[in-house]
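So the structure is just underneath, and the comments pick up after that.
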Amino acid sequence: MLRPPGPKPNFIIGNMPLAHRDPLATFEKWAREFGDIFYYRAGWIQVYFLNHPDLIETVLVRNYQNFLKDHVIRKSRWFFGDGLLTNEGESWLRQRRLAQPAFHRERIAAYAKTMTDYAEAMLLTWRSGESRDIHQEMMQLTLQIVVRALFNVESQEVGAISVAMNVLMRNSVGIRLLLPPAARFLPTPGMIEFRRAIRQLDAIVYRIIAERRNNETDTGDLLSMLMQARDEDGGRMNDKQLRYEVITFLVAGHETTALAFSWTWHLLAQNPQAESQLHEELDRVLAGRTPEFSDLRNLTHAERVIKESLRLYPPAWSLARTVVKDFDIAGYRIPSGANVVMSTWIMHHDPRYFPDPQKFDPDRWLPERSQKLPRFAYFPFGGGPRQCIGNSFAMMEATLLLAAIAQRFQFRSVPDHPIATVPSFTLRPKYGIKMRSEARRTSTAGLQQAHAISV
């Protein structure tokens with residue numbers, strides 16, 4: 001069978017790019033060398049890597065029924081369960097329909113104040129001139145927000161969930177992602193800690209669900225919406241299904257946004273002109289007050305900053321699917337059981353679609369420029385029927401928190417602190433992102449201009 005070009009295999013193991021010192025550079029090199037589609041074998045897994053928007057659209061939109069989530073996602077079911085991230089087929093479609101109302105625009109707008117309240121509380125503890133790992137700060141902030149949005153619980157509960165979640169994130173990297181479900185029983189310290197964290201998290205989640213079942217009141221959070229949702233036959237999610245979705249939202253709903261923030265602060269520190277434009281907009285639109293949902297339509301540069309950060313450092317750096325039935329693409333037959341990989345990192349750095357791709361340029365996202373892009377040249381939230389259900393929530397959160405924090409503080413990189421990426425489940429900073437915070441004052445000119453507009 002004719003295969004696409006690709007790197008020369010290393011005898012039995014084939015190619016293991018994720019074991020390389022810089023996997024992303026390896027993938028970029030192969031994409032430049034072999035073009036829109038290349039092939040390699042990773043152990044027993046056949047991998048077909050797609051590097052063109054039309055090919056990606058074929059998989060994610062036109063022929064999505066012929067694919068399942070990849071091996072890594074399927075192996076994670078033992079702790080995610082069959083939630084929206086891992087489920088397949090009719091069961092997934094039912095869950096998606098039941099969960100969708102919880103993410104309607106009107107519903108997520110109600111969480112705007114929760115987001116900015118937590119940001120303001122965090123900022124009260126900061127002092128100018130302090131150095132901090134901004135990645136850890138953003139992880140803690142977004143976790144507090146997603147726990148509150150999900151459960152509407154008090155700070156003590158947030159702390160207990162946070163401890164368990166930190167253990168899960170710390171142990172979901174590297175070779176653990178490829179281990180079979182039976183690996184959960186290994187008596188290693190890491191797996192013992194992992195199992196304990198899952199038990200603690202399950203105990204909290206099931207107790208909250210039981211309390212809601214007894215009260216049957218809508219407390220304005222996502223869990224309430226999920227519990228009240230009904231499908232066409234009048235059926236509701238049972239406790240186990242609710243647990244699956246809650247765990248999925250906890251993991252996906254805080255780390256990806258925190259990563260987007262962390263890389264945004266790093267990029268702004270390296271690009272003073274874009275940072276200055278952001279501050280000018282915040283001074284003009286907000287004039288020192290806390291941002292609100294209604295401000296989003298005027299925070300256009302802030303939104304472009306987030307979009308450009310997601311281009312350069314997409315938290316979900318790749319998507320992979322397993323082929324159900326043989327299919328043809330780009331003149332090649334892809335066999336069932338093979339993996340098809342589509343990388344946001346590769347596409348977002350492709351000079352065919354993004355001239356000078358390493359440059360941080362928020363103005364790429366001005367309508368007159370961004371509307372010319374092919375559909376899947378940029379897809380930080382995936383695409384097709386399985387596009388991230390929380391993408392609107394994430395963009396609202398990212399823009400509001402950027403505005404709330406950036407008008408009070410700006411950040412400078414700590415000299416000699418290394419910045420490196422780890423392409424694991426998400427695109428994480430290998431050594432954190434250590435930065436020095438500097439208090440900032442709203443400019444007088446911005447206040448005067450804002451006052452003039454309001455008058």
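Looking only at the stretch 410-418, decide whether some residue is modelled with pLDDT of 95 or more and under 30 Å from L150 (Cβ atoms). Checked against the condition, which is being modelled with pLDDT of 95 or more and under 30 Å from L150 (Cβ atoms), the stretch 410-418 yields at least one hit.
Per-residue answers, yes or no, for (1) within 16 Å of A403 (Cα to Cα); (2) modelled with pLDDT under 95:
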position: T257; (1), (2): yes, yes
position: W265; (1), (2): yes, no
position: G288; (1), (2): yes, yes
position: L299; (1), (2): yes, no
position: L312; (1), (2): no, no
position: A330; (1), (2): no, no
position: R333; (1), (2): no, no
position: M347; (1), (2): no, no
position: D356; (1), (2): no, no
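Only strands (runs of 3 or more DSSP E) whose full extent lies in the stretch 318-427 are considered here, and the ones with at least 1 residues that are charged (D, E, K, R) and either within 30 Å of E120 (Cα to Cα) or open to solvent by less than 10 Å² (accessible area, probe 1.4 Å) (or both) are 409-413.
Residues checked against (1) farther than 14 Å from A398 by Cα; (2) acidic (D, E); (3) open to solvent by 50 Å² or more (accessible area, probe 1.4 Å):
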residue	(1), (2), (3)
G235	yes, no, no
R243	yes, no, no
G253	no, no, no
S262	no, no, no
R289	yes, no, yes
N298	yes, no, yes
A302	no, no, no
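Reported count of residues in the stretch 12-35, each being surrounded by 14 or more Cβ atoms within 10 Å (Cβ to Cβ), free of Cβ contacts under 8 Å to residues at least 24 places away in the same chain and small (G, A, S), is 0. Annotation: G159 fulfils all but one of (1) of a type in the set (G, A, S); (2) surrounded by fewer than 18 Cβ atoms within 10 Å (Cβ to Cβ); (3) touching a residue at least 60 places away in the same chain (Cβ under 8 Å); the unmet one is (3).
Taking the conditions (1) open to solvent by less than 20 Å² (accessible area, probe 1.4 Å); (2) of a type outside the set (F, W, Y); (3) under 30 Å from R408 (Cα atoms) in turn, Q277 satisfies each one other than (1). Does the stretch 401-420 contain at least one residue that is touching a residue at least 24 places away in the same chain (Cβ under 8 Å), within 30 Å of N87 (Cα to Cα) and of a type outside the set (D, E, K, R)? No, the stretch 401-420 contains no residue that is touching a residue at least 24 places away in the same chain (Cβ under 8 Å), within 30 Å of N87 (Cα to Cα) and of a type outside the set (D, E, K, R). Within the stretch 187-199, residues that are under 16 Å from I161 (Cβ atoms) sit with their Cβ atoms under 8 Å from residues that are open to solvent by 60 Å² or more (accessible area, probe 1.4 Å), at 6+ positions apart or across chains, in these pairs: F194/R184; A197/V163. Taking the conditions (1) part of a helix (DSSP H, G or I); (2) exposed (fewer than 14 other Cβ atoms within 10 Å of the Cβ); (3) among the hydroxyl-bearing types (S, T, Y) in turn, T125 satisfies each one other than (1).
Of I247, I306, all but one fail to be in contact with a Gly (Cβ under 8 Å, 6 or more places away or on another chain), open to solvent by less than 10 Å² (accessible area, probe 1.4 Å), hydrophobic (A, V, I, L, M, F, W, C) and assigned to a helix (DSSP H, G or I); the exception is I247.
Quick check on my filter: what residues within the stretch 367-405 are of a type outside the set (S, T, N, Q) and out of contact with any helix residue (DSSP H, G or I) (no Cβ under 8 Å at 6 or more places or on another chain)?
P367, E368, K372, L373
Within the stretch 204-221, being in a helix (DSSP H, G or I), within 28 Å of the chain's Cα centre (by Cα) and either exposed (fewer than 12 other Cβ atoms within 10 Å of the Cβ) or of a type in the set (D, E) (or both) holds for one residue alone: R207.
The values are calculated or read from the model by the stated rules, or taken from the named source; none is laboratory data. Please read all numbers here as calculations on a predicted model, not as lab measurements. Every residue, glycine among them, receives a Cβ derived from its backbone with ideal geometry; neighbour counts consider all protein chains shown. Just so you know, the surface numbers come from the protein's heavy atoms only, side chains and all, with ligands and any DNA or RNA stripped out. Shrake-Rupley method; radii C 1.70, N 1.55, O 1.52, S 1.80 Å.
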